[in-house]
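Right, one structure below, let's go through it.
The values are calculated or read from the model by the stated rules, or taken from the named source; none is laboratory data. The model shown is predicted, which means the values in this text are computed figures rather than measured ones. Note that we place each Cβ from the backbone using ideal geometry, even for glycine, and neighbour counts take in every protein chain shown.
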Amino acid sequence: MESRNIKVLIDTNVILDVMMNRAPHYGSSSAFLKLCSSQMPGLITATQTKDIFYLLETVGKKSSSEAKAFIRKLTDNIKAINVNMSDVSYALDSEIDDYEDALIAFCGKRHKVDYIITRNENDFIKSPVPALSPQAFLEQFFSK
């Protein structure tokens, strides 16, 4: 599968790695997000933007205007996709323990993504969409 044809849905933890410069994950997460702005489309759910905004303000101690600027910059390069009631229903009935992960998984399925990119691959074992870490994705598709 050529990288330009791959649709990926990015879990919040990958964005937080870059946003908060979290070691040791910053390098692979940053490299992956750069690919999404230059070589392939990256997606997040619209609901993730509120989570990212909240974390920027509370954990990152950013002002509201700084958090908004980050979300604007993020969504310049990464498209936010909608979440609908069917995604919510599937997530609630899912065997995936974490509701947020289940919501991402079923939204990704509906939008026909190829992979969910996350650092917590085990959280998506029961997902209808396969999950890869940023590092595994880079090694599989960009290390040739």
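Can you find, within segment 9-57, the residue that is nearest to residue 83 (Cα to Cα) among those that are in contact (Cβ under 8 Å) with a residue 60 or more places away in the chain and among the charged types (D, E, K, R)?
Filtering segment 9-57 for residues that are in contact (Cβ under 8 Å) with a residue 60 or more places away in the chain and among the charged types (D, E, K, R), the one nearest to residue 83 (Cα to Cα) comes out as 11.
Name the one entry in 67, 80 that is in contact with a strand residue (DSSP E or B) (Cβ under 7 Å, 6 or more places away or on another chain), over 24 Å from residue 135 (Cβ atoms) and of a type outside the set (Phe, Trp, Tyr). Quick ask: steps written out before the conclusion?
Numbers: 67 fails: in contact with a strand residue (DSSP E or B) (Cβ under 7 Å, 6 or more places away or on another chain).
Criteria check complete, one pass: 80.
Read through the list (1) farther than 19 Å from residue 137 by Cα; (2) modelled with pLDDT of 90 or more; (3) loosely packed, with under 13 Cβ neighbours inside 10 Å, then give the number of the only condition that residue 45 fails.
(3)
Take residue 53 and tell me if it is over 20 Å from residue 27 (Cα atoms), in contact with a Pro (Cβ under 9 Å, 6 or more places away or on another chain) and not basic (Lys, Arg).
Working: over 20 Å from residue 27 (Cα atoms): yes; in contact with a Pro (Cβ under 9 Å, 6 or more places away or on another chain): no; not basic (Lys, Arg): yes.
So residue 53 does not fit the description; no.
Considering every residue within segment 14-32, establish whether at least one is surrounded by 13 or more Cβ atoms within 10 Å (Cβ to Cβ), among the charged types (D, E, K, R) and within 24 Å of residue 138 (Cβ to Cβ). Walk me through how you get there before you give the answer.
Quick first cut of segment 14-32, residues surrounded by 13 or more Cβ atoms within 10 Å (Cβ to Cβ) only: 14-20, 22, 25-32.
Subsequent filtering for residues that are among the charged types (D, E, K, R) retains 17, 22.
Within this subset, residues satisfying the condition of being within 24 Å of residue 138 (Cβ to Cβ) are 17, 22.
There is at least one residue in segment 14-32 that is surrounded by 13 or more Cβ atoms within 10 Å (Cβ to Cβ), among the charged types (D, E, K, R) and within 24 Å of residue 138 (Cβ to Cβ).
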